[in-house]
Structure formats: structure tokens, C-alpha cells
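Shown next, in C-alpha cells, is the structure this report addresses.
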């Protein structure tokens, strides 16, 4: 049993490292896209992640196994939008450093 736990722990560590590399890669891509002259390429990833969060929320609401309350659905929606908020902040930072960001009034 000790050998199995060691294999699971090493696989979990490898998965976590891989996911961190993917996450920082996506952030780097977002920064690169946000620094472009046109504003539209930088908004593609935040819009995709926002659409994905809506899809996950609707999938949870349509689940027939467990009936979710509105508070749980709102929590799922907020958790799924953490990445959207991070990507939007990266986009705003890239636009601000480029000098073409106009903050909302």
C-alpha cells in the first residue's frame, strides 16, 4: 500500500506542476494578446472563459441528480469566473502598459 501512495503522490505532484505551467502559459498568451494594437484579440480568452463558466453553471442547474439552490449555483458561477477575473486583470494591465487603456468612469 505504501508503494501505491507514493505513485499517487508523485502523479498528483506532476499533474499540479503541469497545470501550473498551463495556467502561466495562458496568462502569458493573454498578456501578449492584450498588448496588441487592437483591443479585440486580448478579449478573446476572457470571453471564452466567461462563456465556459455560464455553460458549467447551466449544466449544474440542469443536473437531475442533485437539485442545486440559487446560492450554490451563484457560488459555482463565482468559482468558475476566477480565471475570467485574472485574465481580465492581465488584459487591463497589458493595455495600461501599452498606453491604450481607458479606465471606466
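The values are calculated or read from the model by the stated rules, or taken from the named source; none is laboratory data. Quick caveat: nothing in here was measured; it's all calculated off a predicted structure. Reconstructed Cβ throughout: ideal geometry from the backbone, glycine too, with neighbour counts over all protein chains shown.
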*asked:* Criterion first (at pLDDT 95 or above and on the phi < 0 side of the Ramachandran plot) does residue 59 satisfy it?
replied: no
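Just to verify a result, which residue in region 51-65, among those that are out of contact with any helix residue (DSSP H, G or I) (no Cβ under 8 Å at 6 or more places or on another chain) and part of a helix (DSSP H, G or I), is farthest from residue 89 (Cα to Cα)?
59
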*at pLDDT 75 or above, over 30 Å from residue 25 (Cβ atoms) and surrounded by 14 or more Cβ atoms within 10 Å (Cβ to Cβ): does that describe residue 87?*
no
*Could you figure out which of (1) part of a helix (DSSP H, G or I); (2) modelled with pLDDT under 90; (3) surrounded by 11 or more Cβ atoms within 10 Å (Cβ to Cβ) isn't true of residue 68?*
(1)
*asked:* Please count how many residues of region 35-50 are exposed (fewer than 11 other Cβ atoms within 10 Å of the Cβ) and outside any loop (DSSP other than H, G, I, E, B).
replied: 1
